[in-house]
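Here's the structure we're looking at; comments come further down.
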Amino acid sequence: MLLAVLTAFMAYKAKDVEMSYDFANVVSPEDPDMRYFQRFKQTFGEDGNILVVGLQDNKVYKLQHFRALDQLIKDLRQVEGVKAVIALPNLVQVAKDTAQGRFTTRKIFTPFPQTQHGLDSLLQAVRSQGFYEGQIINEKTGATLLAVTLDPAYLNSARRTQVMDNILEHTHAFSKTTSIQLHYAGLPFVRSVMSTKVAEEMQLFLGLALLVTAVSLFLFFRSFYAVLIPMVVISVVVVWVLGVIGLLGYKISLLTGLIPSIIVVIGIPNSTYLLARYHQDYRRHGNKVLALTRVISKIGLVNLVNNTTTAIGFIVFTFTHIAILYEFGVVAGINIFVTFFISMILVPALFSYLPPPTPRQLRHLDAKPLTKLLEFFDFIVHRKRHLVYFFLTVVMALSCWGIYKVKTVSYMVDDLPAESSVNADLAFLERHFNGVMPLEVVVNTGSKQGVMRLPNLRKLEELEDFLRTQPILSAPISVVGLVKTATQAFYEGDPASYRLPDNTERNFIFSYLAGQDKGENQRLLRAFVDSTGQTARISLKVADVGSRELDTLILKKIKPQVREIYGGQGVTLTEEGNTMTFIRDDTGSQTSVSLTGTTLLFIKGNEYLINNLRSSLLLAFGLVTLTIALLFKSIRVVVISLIPNMIPLLIAGGLMGFFNIPLKPSTALIFSIALGIAIDDSIHFLAKYRHELQVNGFNVSRAITASLEEAGTSMIYTSIILFFGFVIFAFSEFGGTKALGVLMSVSLLIALFTNLVILPTLLMSFDSGKYQRDPYALIEQIDEAYMEEADEELDLAQLTLKMDQENPANGKLQRV
């Protein structure tokens, strides 16, 4: 009753669960680059809130279709959540107002042209504006784009979906009317696509996990109830998972969205161990009540230890202090223990109301293929140990070679498949505009109004000219372009005058700038210069080339060029993160240049994640070692048990190297999880082995044979369920989830064979079979339970089962 009430409460809290619509900030708030990025956003606003729509079709430059493009811009500006739209039809031109002594702006296509000749003339006027070169139109390919700026308040909430749907409704209508194909990119679009797919895949994988585990259970146990009851248990647990997420105020992200399916997969072994043991005990003495009682008292502690080690693989993520990993670890860790308690309560309770298993349902205990496989393993362990060690050496050598080949690399659109339309659209925009991912260079001149000093503008121009030569960067845009545009306007729009003014022109042009109107010009200037005139921003877009190439660009190219431009003799350089500060020794004046932006923080966040996941693996290894040590109080057993469980991790690392699977957060995640799950088989086997040592007079050989026969069955059952349960993630559209599924399933399958072959081989080679009983070792309680069971089995020889003729299922034991 209490469980039912609590489950109902969790179901009530589950309704509050929301999707996450933002990329998680995984870089520490104390990181210098993160601190600077927060200050940048306070000064210049968000840099990752622009949706880019690109197209390449000469039809758009025909009057009829250009008019449709103009109407599309007007429609998009009316969408709630859209702050601004910049595209060809609404571009502005700077003009000189001689009478007022200032610059003004006017829209190039106002009034709208009525003839094709008029449109062509105005398009030529756009091409003569150097400020737009490489920004809105690509002269060589004819491609153009729309930049849609979205309100961040909409981007980070559930309203994002409605905004994106409204935008796409208008753009699709434009494509249908004009037959012009549009390409979408930018962080808002990528995030929207990913959040939608996360929700879809969470439902898909939850259904697949339930289906796969149900089919596996039926194939193993050949019983409808052996499928139904574990499904009831796991369905209750899924409600608890969603309830915990809602109760803690978390949101469904790419990681937490996997937890329901993962819990289904790793929760089923609890029921599998209980069912296998229930059937073994019932077949031994034929008494249902006694068998269920033993399931609780004998398997309970083993399952608790197994769940503890499994939970360790997730709980270690709570020590990373990274929100997305912390939430993943908390929710998974809590619900693994929830799974244990619910299965220990419901499985025996529900089976107590059902008829005892039939001989047909117990037939799986004598399955010939399974028996033959275990006999083969036993033969290898006893007769072919030298071959085991030989192949182990070869495999480990190959794995180490593969690990050496593993590369660490991550991408902004890392998880979407190569054939995804998102990647195709991104490739289009990278091909025509060199990328759409935001990258910022911020120069603090160290003095108010220092940006507009000609020497500082020339240094900015020199830096821009260098950035323009980098093939993975878009054309830079900054105050330099605005000043060049002003010079061009001063000379009546002459394209040859798109340049910085010289010393003789400076006063005239800057006097016009000082007298300009406070409307469009002022707003545009404030987008690239702070209110004090001290700090300037060079805004770029970068191709999604991955963290390695981006690091090379930053460290090997941009930073050395910045040092060359702003450094030199008599200048002292200090660096903190991606900020370089140049101090003149004679005057003490400072100039700082900072590289920032969502792209750099995302890439750095992935590197930060990987480093923390490495630490998590070491912590998981330490906690698992401590658990084994407390359980067995034997250093030899600790070493012997860890070896077969480290081998699958090494092989997984080797496979990553050979198949060119990069080390990234999703792939680094599997190692600590796989270790926590795989060690369960070792504990289960060693617990049975300790018992069989005493039963067989401390004869190691006979104890291993007996352990393989009894423990091997449930180990194979659970490992196969885990394999098929995790392999479903290989069907994900997210590359990271796909890699997680493949590597996890392979690792757990390999762990099964290492625990059934290498673990007993090590025991045969290095365990004498003698040990001192330690009352403080947890394993002694399990041993006592097993010994108590053996004593009971001896007593059963003196018992008969008196049957109730009216109800034969209610047998009563009587001594004769």
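The values are calculated or read from the model by the stated rules, or taken from the named source; none is laboratory data. Because the structure is a prediction, the values reported are computed rather than measured. Positions of Cβ are generated from backbone atoms using ideal geometry, with glycine treated the same way; all protein chains shown enter the neighbour counts. Ligands, DNA and RNA are excluded from the accessible area calculation, which covers all protein heavy atoms including side chains. Shrake-Rupley method; radii C 1.70, N 1.55, O 1.52, S 1.80 Å.
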Within the stretch 287-310, which residues are surrounded by fewer than 22 Cβ atoms within 10 Å (Cβ to Cβ), of a type outside the set (Val, Ile, Thr) and over 20 Å from residue 224 (Cα atoms)? 287, 290, 297, 298, 300, 301, 304
Here is a list of conditions, (1) modelled with pLDDT of 90 or more; (2) surrounded by fewer than 17 Cβ atoms within 10 Å (Cβ to Cβ); (3) in a helix (DSSP H, G or I), and residue 499 meets all of them except one; can you say which number that is? (3)
Check 553, 540 and return the single one that is part of a helix (DSSP H, G or I), in contact with a Leu (Cβ under 9 Å, 6 or more places away or on another chain), modelled with pLDDT of 90 or more and closer than 15 Å to residue 467 by Cβ. 553
Within the stretch 425-458, considering residues that are part of a strand (DSSP E or B) and at pLDDT below 90, the one farthest from residue 482 (Cα to Cα): 437
So for the stretch 513-536 (the condition being aromatic (Phe, Trp, Tyr), open to solvent by less than 30 Å² (accessible area, probe 1.4 Å) and at pLDDT below 90), does at least one residue qualify? yes
If the Cβ limit is 7 Å and pairs must be 6+ apart or interchain, which residue in the stretch 138-157 that is touching a residue at least 40 places away in the same chain (Cβ under 8 Å) and among the hydrophobic types (A, V, I, L, M, F, W, C) pairs with which residue that is part of a loop (DSSP other than H, G, I, E, B) and crowded, with 17+ Cβ neighbours inside 10 Å? 143/56; 145/136; 146/87; 150/49; 150/81; 155/21; 155/49
Kindly indicate whether residue 235 is open to solvent by 10 Å² or more (accessible area, probe 1.4 Å), more than 17 Å from residue 737 (Cα to Cα), over 21 Å from the mean Cα position of the chain (by Cα) and of a type in the set (S, T, N, Q). yes
Residue by residue through the stretch 110-156, note down the ones that are touching a helix residue (DSSP H, G or I) at 6+ places or on another chain (Cβ under 7 Å), open to solvent by 30 Å² or more (accessible area, probe 1.4 Å), within 15 Å of residue 58 (Cα to Cα) and not in a loop (DSSP other than H, G, I, E, B). 116
So, first residue among the basic types (Lys, Arg) in the stretch 251-266, second residue surrounded by fewer than 24 Cβ atoms within 10 Å (Cβ to Cβ) and not in a helix (DSSP H, G or I), Cβ within less than 7 Å, six or more apart or across chains; the pairs are 251/18; 251/19; 251/20
Please report, ordered by residue number, the helices (runs of 4 or more DSSP H) entirely within the stretch 258-366 with at least 3 residues that are among the hydrophobic types (A, V, I, L, M, F, W, C). 259-285, 288-294, 300-315, 323-352
Selected residue (criterion: most open to solvent (accessible area, probe 1.4 Å)) from residues of the stretch 75-105 that are polar (S, T, N, Q) and at pLDDT 85 or above: 78
Residue hits (the stretch 572-592; in contact with an Asp or Glu (Cβ under 7 Å, 6 or more places away or on another chain) and surrounded by 14 or more Cβ atoms within 10 Å (Cβ to Cβ)) are 577, 578
Odd one out for residue 595, checked against (1) under 39 Å from the mean Cα position of the chain (by Cα); (2) open to solvent by 20 Å² or more (accessible area, probe 1.4 Å); (3) of a type in the set (A, V, I, L, M, F, W, C): (2)
Among the residues of the stretch 598-618 satisfying the criterion of being over 25 Å from residue 676 (Cβ atoms) and hydrophobic (A, V, I, L, M, F, W, C), which is most open to solvent (accessible area, probe 1.4 Å)? 602
Residue in the stretch 343-354 that is under 17 Å from residue 245 (Cα atoms) and open to solvent by less than 10 Å² (accessible area, probe 1.4 Å) present: no
What is the residue count in the stretch 245-261 for residues that are open to solvent by 10 Å² or more (accessible area, probe 1.4 Å) and either of a type in the set (A, V, I, L, M) or modelled with pLDDT under 85 (or both)? 7
Residue count for the stretch 421-450, restricted to those that are among the acidic types (Asp, Glu), open to solvent by 10 Å² or more (accessible area, probe 1.4 Å) and either free of Cβ contacts under 8 Å to residues at least 12 places away in the same chain or out of contact with any His (no Cβ under 8 Å at 6 or more places or on another chain) (or both): 1
Cβ pairs under 8 Å, 6+ apart, first in the stretch 216-240 and under 16 Å from residue 346 (Cβ atoms) and touching a residue at least 12 places away in the same chain (Cβ under 8 Å), second open to solvent by 30 Å² or more (accessible area, probe 1.4 Å) and of a type in the set (Gly, Ala, Ser): 239/11
Condition check: closer than 30 Å to residue 190 by Cβ, aliphatic (A, V, I, L, M) and either surrounded by 15 or more Cβ atoms within 10 Å (Cβ to Cβ) or out of contact with any helix residue (DSSP H, G or I) (no Cβ under 6 Å at 6 or more places or on another chain) (or both). Does residue 412 satisfy that? yes
